[in-house]
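Down below is the structure, laid out as structure tokens.
Nothing in this text is a laboratory measurement; each read-out follows from the coordinates by a stated rule. Nothing here was measured: the structure is a model prediction, and the numbers come from that model. Using ideal geometry, Cβ is built from the backbone for each residue, glycine included, and neighbour counts are taken over all protein chains shown.
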Amino acid sequence: MTEPNKARDLVATLRDALHQLEGALGRTRGGVDEIASQAERIRDSVAALGELWQREDTSVGIEMFVDAVVDLLEAFRALDAGILDVQAEVDTLEAEMGDDADGQQA
């Protein structure tokens, strides 16, 4: 297989992987929204319990858990937002490959 054909196959693989990832992100979005909602409920409940008991210290385990949820949400949002940028980069890469192939044929 020639180098241009290998490159086209690799770009096709990139596009397919991005398409599959985009679909997975779409299916996951509802679950992530539910995670955010439940994490907010946990945080609010802990704060209300602290006020009820007039204690300022909360469970370290709960706080660590909520912090981990926040990290997960931030990572998901970055991944979700970044997919369009990666798709644009693959488009640019493919266009450059086409320009190189046209230049070699001339």
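General observations
- Residue-averaged 222 nm ellipticity for the chain, from DSSP H runs of 4+ at -39500 (n - 2.57), nearest 500: -34000 deg cm²/dmol
- Helix 60-105 axis, angle to the chain major axis (alpha carbon atoms, nearest 10°): 10 degrees
- Candidate values (1) 36, 18, 10; (2) 27, 18, 10; (3) 49, 11, 10, label of the one derived for semi-axes √(5λ) of the Cα gyration tensor in Å: (3)
- Per DSSP, loop trypsin sites (Lys or Arg not before Pro) in segment 1-99 with at most 12 further Cβ within 10 Å: ARG55
- Within segment 29-99, the chymotrypsin sites (Phe, Trp or Tyr not before Pro) that combine a DSSP coil assignment with at most 10 other C-beta atoms in a 10 angstrom radius are TRP53.
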